[in-house]
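The values are calculated or read from the model by the stated rules, or taken from the named source; none is laboratory data. Note that the structure is a prediction, hence the values are computed from the model and not measured. Neighbour counts run over all protein chains shown; Cβ positions are idealised from the backbone, glycine included. Please note that ligands, DNA and RNA were not included when accessible areas were found on the heavy atoms of the full protein model with its side chains. Shrake-Rupley method; radii C 1.70, N 1.55, O 1.52, S 1.80 Å.
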Amino acid sequence: MALPELMYLSPTTREKAISIAQELLKTNKISPREAISKAILIAKNWAVKNVNRSVWKQLKSIDKEII
């Protein structure tokens, strides 16, 4: 199922969303469209947390260099 929402995700986030959707379909009795929509939201949140963590690490290393 090709959804336009998936095209706008980065490859890593898209892969994460697809694997989450597959898990949701196995464990919950929801439609594929619902599973993908839910998985996209979960994957986006996952990506934001990863970016924030890496940015924080970079800022911390820059602070160490300055001191």
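Pairing residues of segment 7-34 that are under 21 Å from Ala47 (Cα atoms) and in contact (Cβ under 8 Å) with a residue 12 or more places away in the chain with residues that are part of a loop (DSSP other than H, G, I, E, B) and open to solvent by less than 80 Å² (accessible area, probe 1.4 Å), at Cβ distances under 7 Å and at least 6 apart in sequence or on separate chains, gives Ala17/Leu9; Leu24/Ile30.
Looking across segment 14-63, the residues that are outside any helix (DSSP H, G or I) and either within 17 Å of Leu3 (Cβ to Cβ) or in contact with a Pro (Cβ under 9 Å, 6 or more places away or on another chain) (or both) come down to Ile30, Ser31.
Being aliphatic (A, V, I, L, M) and surrounded by fewer than 13 Cβ atoms within 10 Å (Cβ to Cβ) narrows it down to one residue among Ile66, Ile40; which is it?
Working: Ile40 fails: surrounded by fewer than 13 Cβ atoms within 10 Å (Cβ to Cβ).
When all the criteria are applied, what remains is Ile66.
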